[in-house]
1. So between residue 112 and residue 94, what do we pick up on full extension, going 0.36 nm a residue minus the alpha carbon distance?
2. For the stretch 221-238, just list the computed ³J(HN,Hα) in residue order, Karplus coefficients 6.51, -1.76 and 1.60, θ = phi - 60°, integers in Hz, with x standing in for Gly and Pro.
3. Starting from the Cα-Cα distance between residue 194 and residue 120, subtract it from 0.36 nm times their residue separation and give me the gain in nm to one decimal.
4. Given the Cα-Cα distance of residue 168 and residue 231 and 0.36 nm per residue of separation, how much length would full extension add, in nm?
5. Taking H as built 1.01 Å from N, whose amide H comes closer than 5 Å to the amide H of residue 127, not counting residues under 5 places away?
6. In nanometres, what is the gap between the two model label sites at residue 217 and residue 144, each 7 Å from Cα along Cα-to-Cβ?
7. Given 89/202; 202/224; 91/179; 91/202, which pairs have Cα atoms separated by over 28 Å?
8. At a Förster radius of 45 Å, what calculated FRET efficiency corresponds to the Cβ-Cβ distance of residue 207 and residue 268, to the nearest 0.05?
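Only the coordinates and a few stated rules stand behind these numbers; no lab work does. Just so you know, these numbers come straight off a predicted model, no measurement behind them. Quick reminder, even Gly has a Cβ in these numbers, built from the backbone with ideal geometry, and neighbours come from all protein chains shown.
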Amino acid sequence: MIAMKLMLLTTVAAIGVLSYLGAAAQAADIIEEPIYVEPPVTVYEEPVKENYSGWYIRGDAGYLFSSSGSADYRVFGEEGSRYHYDELKLKGSYTVGAGVGYRVAEHFRADLSLDYYDLEIDGRSDCPSYVGAGCYYNDSSSADVWTAMANAYVDLPYFGPIAPYFGAGLGFAHVGYGKMTNEICNPTCGADGNFIGYHEGKDSWRFASSLMAGASVDLTKQLKLDVGYRYTRVFEGDAFGYDQVDSAFGASGVQGRDHGFDLHAVRAGLRYEFGSGGFGKGKEPVYAAAAPIYEEPAPFYEEPIYK
């Protein structure tokens, strides 16, 4: 009886051991395939260029340097004779202007401008011999000069935020002289003291041309500080008529003409370029950031394979 119980227990234990070993062997035979997840696909869009507009507006003010000119005048009763001023000076004054333009290319732009120059003019010449020896004319007047110009500029490559430029312009000038005061100086001329006459100023349209050089400084992407020099040549035209004495004796028309004059001005102002500041001048063209687009497929897991 006891022997049978021992045999039964031994059999049960053997079966348990064999079951455990079989399960372990079966587990060792399971081969799991690696889990494969497809990497995300990165899609880049083409860079989107910013919308540029070439239009701009500008305004400036400046100082007009003094300069010299030349002029002549006729004497009533001496037809065909003309006398020249020994000196004709344009005093230092001011100028203001504005314009609207378009940037044609990154380094080329053009604009139309309207500018005003305030002139004060002094002239001096010896009197004709019939007036008297040792006397001279001392004349003074003023003039309002408006110029309407078509200008073209070349912008050179940038040095940091600074872009040098040069340009040229052609157009017209309207010169309006004020009343001219003509003083005959030196009492020995035969007159009782100095004589003062007044001549009505004349208006005239003339051709004009200009040359410019300067530099712009980026204050923002669109706003520029513009500092430069402008030379303007205003061509000859009428200046003044006869005084009250000559007019009383029948004189009429133009008595004095200037031979044109040179205007030298330094200017400073602002230029605003619409859109994104022309063609990205001042820095490399700015593009919208290309945001990567990720397309992530759902992870795929395979069932384990048992061998």
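1. 4.4 nm
2. Computed from phi, the couplings for the stretch 221-238 are 4, 10, 9, 10, 8, 10, 10, x, 10, 10, 10, 10, 9, 9, 6, 5, x, 6 Hz.
3. 24.4 nm
4. Between residue 168 and residue 231, full extension yields 21.7 nm more.
5. Those qualifying (amide H under 5 Å, at least 5 residues apart or on another chain) are 135, 136, 137.
6. Result for the modelled spin labels: 3.4 nm.
7. Table pairs above 28 Å Cα-Cα are 202/224.
8. E between residue 207 and residue 268, to the nearest 0.05, is 0.95.
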